[in-house]
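The next block holds one structure in the form of structure tokens; read it before the comments.
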Amino acid sequence: RGSIDNTRTHINSIGMIVPAACFAFLISTRHSSPLTRCASRTRMTSSLSALPNLNKSDGTGASIDDISEQVKGKHVALYFAAGWCPMCTSFEPSLMQFREAANSSGKDVEIIYVPSDRQAADVVKRTSSMNMLSVPIGEEADAMKRKYKIWAGAESLKLGMGRRSGVPALVVLDKSGDEVHFLAAESKGSKALGDWPLDDSGLW
């Protein structure tokens with residue numbers, strides 16, 4: 001208890017306000033500069049709140065810690081596609097090569113799948129093969145499609161005619177979860193990947 005009281009005294013003496021979620025982390029850590037790491041963790045949690053619920057590549061639900069570990073220090077994009085879409089499946093080898101090349105050069109990217117597949121089993125088959133997080137199929141995926149106005153033509157009866165693009169397409173997000181770049185893969189194919197800026201300002 002003495003160590004906890006001393007920590008509280010130290011925090012008060014330097015006039016800092018530490019988020020409650022970080023206090024246990026601050027007390028338990030034995031490494032240097034815990035306040036810096038605590039603030040970083042809080043910023044990451046705030047960024048992740050801008051994302052919908054996500055599933056891991058095996059289809060099970062991803063926790064905040066799972067997602068944080070996977071996106072930290074990376075460039076993040078949403079990938080709108082479907083396995084039944086020939087344009088998507090023909091584009092994906094280039095997308096995988098792009099990801100591999102970016103990661104090899106120290107410009108790590110994380111691609112989150114927004115499915116237009118017809119069944120959850122189809123989504124898992126694709127995300128496990130491409131090693132991607134995914135937005136759950138159904139209402140949550142549809143909400144992302146409406147937000148960014150991207151969906152397959154086959155979904156127009158359900159989602160309407162007001163889309164800006166069909167699939168495949170990517171939306172690059174900043175650390176706040178806001179769109180910063182749109183990659184029009186449906187119309188430009190693999191050339192659209194050249195429009196993805198990989199400067200440090202986009203890192204999560």
Going through (1) among the hydrophobic types (A, V, I, L, M, F, W, C); (2) under 22 Å from A50 (Cα atoms); (3) more than 15 Å from the chain's Cα centre (by Cα); (4) surrounded by 19 or more Cβ atoms within 10 Å (Cβ to Cβ) one by one, A185 fails only at (2)
When the residues of the stretch 128-153 are filtered to those that are under 15 Å from the mean Cα position of the chain (by Cα), of a type in the set (A, V, I, L, M) and not in a helix (DSSP H, G or I), which remaining residue is farthest from P93 (Cα to Cα)? V135
Within the stretch 188-204, considering residues that are within 18 Å of the chain's Cα centre (by Cα), open to solvent by less than 30 Å² (accessible area, probe 1.4 Å) and not aliphatic (A, V, I, L, M), the one nearest to K145 (Cα to Cα): W196
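Sort out which residues of the stretch 54-95 are small (G, A, S) and under 23 Å from G153 (Cβ atoms), and write them in order of number.
Listed by number, the residues that qualify are A77, A81, A82, G83, S90, S94.
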Of the residues S40, S94, S32, S90, only one is assigned to a helix (DSSP H, G or I) and at pLDDT below 95; which? S40
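Taking K107 as the residue in question, decide whether it is open to solvent by 60 Å² or more (accessible area, probe 1.4 Å), within 22 Å of D174 (Cα to Cα) and in contact (Cβ under 8 Å) with a residue 40 or more places away in the chain.
Details: open to solvent by 60 Å² or more (accessible area, probe 1.4 Å): yes; within 22 Å of D174 (Cα to Cα): yes; in contact (Cβ under 8 Å) with a residue 40 or more places away in the chain: yes.
Yes, satisfied.
Considering only the stretch 117-139, how many residues are in contact with a Gly (Cβ under 6 Å, 6 or more places away or on another chain) and open to solvent by 30 Å² or more (accessible area, probe 1.4 Å)? Even if it seems obvious, please write down each step before you answer.
Taking the stretch 117-139 first, the residues in contact with a Gly (Cβ under 6 Å, 6 or more places away or on another chain) are 117, 122, 124, 126.
Of the ones still in play, those that are also open to solvent by 30 Å² or more (accessible area, probe 1.4 Å) are 122, 124.
Final tally of qualifying residues: 2.
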Hey, can you tell me all the residues within the stretch 75-87 that are over 18 Å from the mean Cα position of the chain (by Cα), surrounded by 15 or more Cβ atoms within 10 Å (Cβ to Cβ) and not in a loop (DSSP other than H, G, I, E, B)? M87
Among L170, L133, the single one that is in contact (Cβ under 8 Å) with a residue 60 or more places away in the chain and more than 18 Å from T60 (Cβ to Cβ) is L170
For the stretch 164-174, check the following and say yes or no: at least one residue is at pLDDT 95 or above, open to solvent by 70 Å² or more (accessible area, probe 1.4 Å) and over 17 Å from Y113 (Cβ atoms). yes
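The values are calculated or read from the model by the stated rules, or taken from the named source; none is laboratory data. Only a predicted model underlies this, so the values are computations on that prediction, with no experimental measurement involved. Every residue, glycine among them, receives a Cβ derived from its backbone with ideal geometry; neighbour counts consider all protein chains shown. Just so you know, the surface numbers come from the protein's heavy atoms only, side chains and all, with ligands and any DNA or RNA stripped out. Shrake-Rupley method; radii C 1.70, N 1.55, O 1.52, S 1.80 Å.
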